[in-house]
Amino acid sequence: MLDDLEYYLVGGAVRDALLGIDVADRDYVVVGATPERMTALGYTPVGRDFPVFLHPETHEEYALARTERKSGRGYGGFTVWAAPEVTLEQDLARRDLTINAMAMSPAGELVDPFGGRADLEARVLRHVSPAFCEDPLRVLRVARFMARFAPRGFTVADDTMTLMRRIVEAGEIEELTPERAWQEIRRALLEPCPRAFVETLRNCGALARLLPEVDGLFGVPQPAEYHPEIDTGVHVLMVLDVAAELSDDLEVRFAALVHDLGKALTPREEWPRHVGHESRGVAALDALCARLRVPARCHRIARLVCRHHLVMHRLEQLRPSTALQLVKALDPVRRPEQAEWFALACEADSRGRTGCEQRPYPQRQLLMRYCRALRALDLSDVGAFAAEDGGIEAEVTRRQLESLRRVKEDWRTDSPEQV
């Protein structure tokens, strides 16, 4: 079946193979074919905007070679042309970066018309052509690739960064839909080095357009006694580093990114102190999540971290009654995963400070004990207290407090490392 087609492995699969990375997904380009011929060979059409087909056995994607022409503003303003006369080089020319504009024949021959292999070896992200400016989404994609490849020593080419700034200055970033912007942010946060995404966006001016609440943290001082790194934006990058080390969960990493938004709202005359920044940050967080249509679960965890991270840092010193308020806010019975995500993000905040990167954070283990204790409570007979003073609610609270007191007493004698 494939012998009847001229096809090439393209894009990320070629790039990753040359980098020695395991290739999970493979995409192919077919040259010289028509949709009618593909369907006649048993391929299933799935593309809405351009001709893409699924292989009848492997279900891998085979797209007809195509070109794109700018026809409007934003990332969706393109006219696509797919025809048998479109060459492989023309198809590769429409791609964003040289390292993504390579192809490989079934015989293993590399097709590299734009120097992608040389840029891989030089560890450079470089645009294929001036047409890079036509799609604002490419600014976010380059930043996301930096989040993936910065640990391998990659940088953005100077001329590519110039084009990224040009896109931002033209106001094209604002043309991105919230869903598309969030998709790139989500994917970048899950990469090995999410801080590189933030830094790259900031370097080209896009962070102020996309996440102004985060951009506003840079240059805001904090007390050196607690934050030797001083700058709040630098602190957020350090927190992201620790969060990426601690967890692969989006909820933890997003909360790390936005936990300190309230510090950008502190009046300058109060700097470097930020009394009440936790409550101030909630409104800014809500606005950000509404604008980008952040999923409810990410929003919920980030809100908890924003509002309660300082209380969490003092957990070992809290009275059981105060600790109970925090634990109940986490809803550990109905949503047991929330407490773990919350604790991990708070640990990242504590350790994301100069000189504190390896400092233990026993508060996380203590919180987990508290949550387990509440989940283990037997409340099956509390209905019998309906006629008592305070009724059922008072009896439930009494039992919860007693449970937390026992945990606290045990905690004083146990090593947190044994939890």
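Of everything in region 124-180, what is in a loop (DSSP other than H, G, I, E, B), over 23 Å from E191 (Cβ atoms) and not aliphatic (A, V, I, L, M)? Give them in sequence order.
S129, G171, E172
Cβ-Cβ distances below 6 Å connect the following pairs, each with a first residue in region 37-59 that is surrounded by 12 or more Cβ atoms within 10 Å (Cβ to Cβ), a second residue that is in a loop (DSSP other than H, G, I, E, B), and a separation of six or more residues or different chains: L41/M1; G42/P56; V52/V46; F53/Y43; L54/V46.
In region 232-350, which helices (runs of 4 or more DSSP H) lie fully inside it and hold 3 or more residues that are touching a Cys at 6+ places or on another chain (Cβ under 9 Å)?
Working: elements: 232-246, 250-258, 277-292, 296-313, 320-329.
Qualifying helices (runs of 4 or more DSSP H): 232-246, 250-258, 277-292, 296-313.
Taking the criterion of being closer than 20 Å to Q183 by Cβ, of a type in the set (F, W, Y) and under 23 Å from the mean Cα position of the chain (by Cα), the residues of region 124-156 that qualify are F145, F149.
Looking at region 223-268, which of its residues are touching a strand residue (DSSP E or B) at 6+ places or on another chain (Cβ under 8 Å) and surrounded by fewer than 19 Cβ atoms within 10 Å (Cβ to Cβ)? I'd like the intermediate steps shown before the answer.
First pass over region 223-268, keeping only residues touching a strand residue (DSSP E or B) at 6+ places or on another chain (Cβ under 8 Å): 230-232.
Scanning region 223-268 gives I230, D231.
A Cβ distance below 6 Å, combined with a sequence gap of six or more or placement on separate chains, defines the contacts here; from region 239-256, residues that are assigned by TED's automatic domain parsing to the domain that holds E337 reach residues that are part of a helix (DSSP H, G or I) and among the β-branched types (V, I, T) in the pairs A243/V252; E251/I301; A255/I301; A255/V305; A256/V239.
Across region 307-342, what is the number of residues that are on the phi > 0 side of the Ramachandran plot and aromatic (F, W, Y)?
We begin by selecting, within region 307-342, every residue on the phi > 0 side of the Ramachandran plot; these are 331.
Keeping just the survivors that are aromatic (F, W, Y) gives none.
Residues flagged as on the phi > 0 side of the Ramachandran plot and aromatic (F, W, Y) within region 307-342 amount to 0.
The values are calculated or read from the model by the stated rules, or taken from the named source; none is laboratory data. What you are looking at is a predicted structure, and each value in this text was computed from that prediction instead of being measured. So basically every Cβ, Gly included, is an ideal-geometry build from the backbone, and we count neighbours across all protein chains shown.
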